[in-house]
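Some notes on the structure that comes next.
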Amino acid sequence: TLALGFKPGYVAYQDNTKELWVSNATDGEVVIYQRGATGWLKKAAVPTGADAHAIAFSADKSLAYITNQGAHTVTVLDATTYVRIKELAIGRMPNGIITNQ
């Protein structure tokens, strides 16, 4: 069990870096945790967009895609530096996401 302190929208495991990515719908961000000796430790919180929800990774795990239901967008992040690469306008309330590469 991981006490988050926020309403999670979605969770994804990044196996290349052994990170747990959790979308924080309330604050419009994705929060990244890494396993430490005493449990999961918060590593970063990255703003994405209103009502952050689904998370998917590119086939090589270098990119993360986060749907933002309230912003009607998908945020593309560099999955190792957590830098925003671009924001894609998608349409009304994007919910799930998959990648096909």
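Rounded to a whole number of µm²/s, how large is the Stokes-Einstein D of the chain at 20 °C and 1.002 mPa s, given Rh as the Kirkwood radius over C-alpha pairs? Let's see the in-between values first.
Details: Rh = 13.3 Å.
So the translational diffusion coefficient is about 161 µm²/s.
Which FRET efficiency, nearest 0.05, do Leu88 and Val11 yield, Cβ-Cβ r, R0 30 Å? Walk me through the numbers on the way to the answer.
On the way: r = 22 Å, r/R0 = 0.72.
It comes to 0.90.
Other residues within the sphere of radius under 15 Å centred on the Cβ of Val74, judged by their own Cβ, net out at -1 (K and R +1, D and E -1). Take every pair of alpha-carbon atoms less than 8 Å apart whose residues are at least six positions apart; their mean separation over the length of region 1-71 yields a relative contact order of 25 percent.
Mind checking the per residue accessible area of the chain for me, 1.4 Å probe, whole number of Å²? Intermediate results must be reported in sequence, preceding the final value.
Working: 5550 Å² over 101 residues.
Result: 55 Å² per residue.
In this simple spin-label approximation, Ala59 and Ala44 carry label points 7 Å from Cα along the Cα→Cβ vector, and these lie 2.4 nm apart.
The values are calculated or read from the model by the stated rules, or taken from the named source; none is laboratory data. Being a predicted model, the structure only gives us computed values, none of them experimental. When we count neighbours, we look across all protein chains shown, and the Cβ atoms used for this are built from the backbone with ideal geometry, even at glycine. The area values use the complete protein model at the heavy-atom level, side chains included, leaving out ligands, DNA and RNA. Shrake-Rupley method; radii C 1.70, N 1.55, O 1.52, S 1.80 Å.
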